[in-house]
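Derivation of every value follows stated rules applied to the coordinates shown; laboratory data play no part. Nothing here was measured: the structure is a model prediction, and the numbers come from that model. Quick reminder, even Gly has a Cβ in these numbers, built from the backbone with ideal geometry, and neighbours come from all protein chains shown.
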């Protein structure tokens, strides 16, 4: 059974299209998308900006409410979950946002940022040792896991580089020991070399914490390097899915071939 199962997911926005807003127009940001993600794998969701990738990812967490369709996580119905049930589900489903600066509260120290999920959810959900740790100790452990020093907990977000801020965002997402992470273009706002370091960090964390990823990106080489399977999205629809090696070596759709040709190949092993 898949850890995450999406069926016929649709998101329609109503917009004003005319003088004085009298005419209405529908925009289908996501159109009948169906996907399965198995426990422990990485599904790369790739497509150009504006194709609906982020909307899809946020609907999985119900940060955006779908128009129709179904989402099941760990065989639980996400869309019919009550607020208390959804809170329990979100202990196991977290997100890494695209902009590492906008996603961090500039008025809070790093320790407050990382431990805030513990306050909201009342402790960790997975690891038997960290679940009993004091918040500071749990935050320090997580900082070391993402390659930062414990002393950085006393600082503010503006005192870090973009790559360091993204590591802080990853630490916050992992503090509850979730099973599933949505990585919403986590390297697109970073320099290529720094982005490669973050991608390698995500691979290491997946191994160490037993994570499952939905990795969203517009870069086919990044997705190919990190993913087990790839889903190609265009104008709100999935146009091609398959094993990463198959999609990138023998693409069937013209749009997939265009994405492969459009992005230079970064050298992750040198990062």
Exercise. If one computes the Cα centroid of segment 191-221 and of segment 135-165, what distance in Å separates the two points?
Worked result: 18 Å
For this session: Using label points projected 7 Å from each Cα along Cα→Cβ, tell me how many nm separate residue 235 and residue 144, to one decimal.
Result: 5.3 nm
Seminar exercise, completed: Note: probe point = Cα of residue 112 + 7 Å toward Cβ; backbone nitrogen < 14 Å; residues of segment 149-174 passing the test are 153-158
Exercise. Between residue 10 and residue 249, what is the label-to-label distance in nm when each label sits 7 Å out along the Cα-to-Cβ direction?
Worked result: 3.9 nm
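Quick one: which of 173-183, 203-213, 48-58 comes out on top by average Cβ neighbours within 10 Å, and what's the full order, highest first?
Values: 173-183: 23.6, 203-213: 16.2, 48-58: 19.0.
Highest mean packing first, the order is 173-183, 48-58, 203-213.
When DSSP beta bridges are limited to those with both residues in segment 134-271, what percentage is antiparallel, rounded to the nearest 5? Each step should come with its number before you reach the end.
On the way: 6 of 11 bridges.
So the antiparallel bridges in segment 134-271 amount to around 55 percent.
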Exercise. When the chain is modelled as a GNM with alpha-carbon springs shorter than 10 Å, which of 112, 246, 237 fluctuates the most?
Worked result: 246
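Kirkwood Rh over alpha-carbon pairs of segment 100-178, then Stokes-Einstein at 10 °C and 1.306 mPa s: what D in µm² s⁻¹, rounded to an integer? Don't skip to the end; give the middle numbers.
Working: Rh = 12.2 Å.
The diffusion coefficient I find is 130 µm²/s.
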Seminar exercise, completed: Percent relative contact order for the chain, counting Cα pairs under 8 Å at least six residues apart, stands at 25 percent
Problem set entry | Beta bridges by DSSP in the chain, antiparallel share as percent, to the nearest 5 | 55 percent
Exercise. What is the helix-to-structure angle for 192-209, meaning the angle in degrees between its Cα long axis and the longest Cα principal axis of the chain, kept from 0 to 90 and rounded to the nearest 10?
Worked result: 70 degrees
Exercise. With springs only between Cα atoms under 10 Å, which of 194, 222, 30 fluctuates most in a Gaussian network model of the chain?
Worked result: 194
Exercise. Angle between the Cα long axis of helix 162-174 and the longest principal axis of the chain, 0 to 90 degrees, nearest 10?
Worked result: 90 degrees
Exercise. For the chain, what does -39500 (n - 2.57) per DSSP helix run (n ≥ 4), summed and divided by total residues, give at 222 nm, in deg cm²/dmol to the nearest 500?
Worked result: -10000 deg cm²/dmol
Problem set entry | In degrees, nearest ten, helix 135-145 long axis to first principal axis of the chain (Cα) | 60 degrees
